[in-house]
Amino acid sequence: MPELTSPAPRSTRSKGVGRVLVVVYGILALGATGRSFVQIAGLIRDSQEVSLAYWLSALASVVYIVATVALIAPGRVWYRVAWVTISFELIGVLVVGTLSLTHPELFARPSVWSWYGNGYLFIPLVLPILGMIWLRSRRMGADAASDVA
């Protein structure tokens, strides 16, 4: 008689929307990493102080890299990491976006999340919301599959 065990946690990378999310997160990771590297390296080369906006772009790039990996990797731990990074991203976009409007002196130079990501077609604002919806649907699907087993 086969042993009944709960199914392995599902990866979020499956098909359709999951693949699109991974691709968009990957593109943002590359874009934000490249942008922050060029900005910070240029200022360091010129012996200038690196602005808050550039450090926030670097932070955003790390968040996008970790989120991309977490969306690809299977397992409960990576599922949780995806939730944490995507939640952090949404909070970051909302806080930095709001501060860039209410305290523009803090953002003399734009970051990835400034003005809610308008330099990136507002994708940084919309993407975490879609990511959360996707993660929730994947978790519900995994819960339903384990209830059947």
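The values are calculated or read from the model by the stated rules, or taken from the named source; none is laboratory data. No experiment lies behind these values; they were computed from the predicted model shown. Here Cβ is always computed from backbone atoms with ideal geometry, including for glycine, and neighbour counts include all displayed protein chains. Protein only, heavy atoms only, side chains kept; ligands, DNA and RNA dropped before computing areas. Shrake-Rupley method; radii C 1.70, N 1.55, O 1.52, S 1.80 Å.
Does the stretch 29-42 include one or more residues that are basic (Lys, Arg) and over 25 Å from residue 105 (Cβ atoms)?
The answer is no; no qualifying residue exists.
Taking the criterion of being open to solvent by 70 Å² or more (accessible area, probe 1.4 Å), more than 26 Å from residue 121 (Cβ to Cβ) and either at pLDDT 90 or above or in a helix (DSSP H, G or I) (or both), would at least one residue in the stretch 46-62 satisfy it?
No.
When you scan the stretch 76-92, do you find a residue that is of a type in the set (S, T, N, Q), part of a helix (DSSP H, G or I) and touching a Gly at 6+ places or on another chain (Cβ under 6 Å), even just one?
no
Return the pairs, sorted by first residue and then second, in which the second residue is surrounded by 12 or more Cβ atoms within 10 Å (Cβ to Cβ), the first residue lies in the stretch 27-56 and is among the charged types (D, E, K, R), the beta carbons are less than 6 Å apart, and the residues are 6+ apart or on different chains.
Note: pairs meeting the criteria are 35/57.
For the stretch 63-102, which residues satisfy the criterion of being among the hydrophobic types (A, V, I, L, M, F, W, C) and crowded, with 22+ Cβ neighbours inside 10 Å?
Within the stretch 63-102, 63, 67, 70, 71, 82, 86, 93, 96 qualify.
Residue under question is residue 16, and the condition is that it be surrounded by fewer than 14 Cβ atoms within 10 Å (Cβ to Cβ) and farther than 20 Å from residue 111 by Cα; does it hold?
So residue 16 fits the description; yes.
So, in the stretch 71-85, exactly how many residues are free of Cβ contacts under 8 Å to residues at least 24 places away in the same chain and under 16 Å from residue 24 (Cα atoms)?
Total satisfying the criteria: 1.
Identify all residues within the stretch 105-138 that are open to solvent by 70 Å² or more (accessible area, probe 1.4 Å), in a helix (DSSP H, G or I) and more than 18 Å from residue 25 (Cβ to Cβ); write none if there are none.
Result: 105, 106, 115, 118.
Given the structure, is residue 129 modelled with pLDDT of 90 or more, within 13 Å of the chain's Cα centre (by Cα) and within 25 Å of residue 39 (Cα to Cα)?
Spelling it out, it is not the case that residue 129 is modelled with pLDDT of 90 or more, within 13 Å of the chain's Cα centre (by Cα) and within 25 Å of residue 39 (Cα to Cα).
Out of everything in the stretch 73-94 that is of a type in the set (A, V, I, L, M) and in contact with a Phe, Trp or Tyr (Cβ under 8 Å, 6 or more places away or on another chain), what residue ends up being nearest to residue 19 (Cα to Cα)?
Per the stated criteria, the residue is 93.
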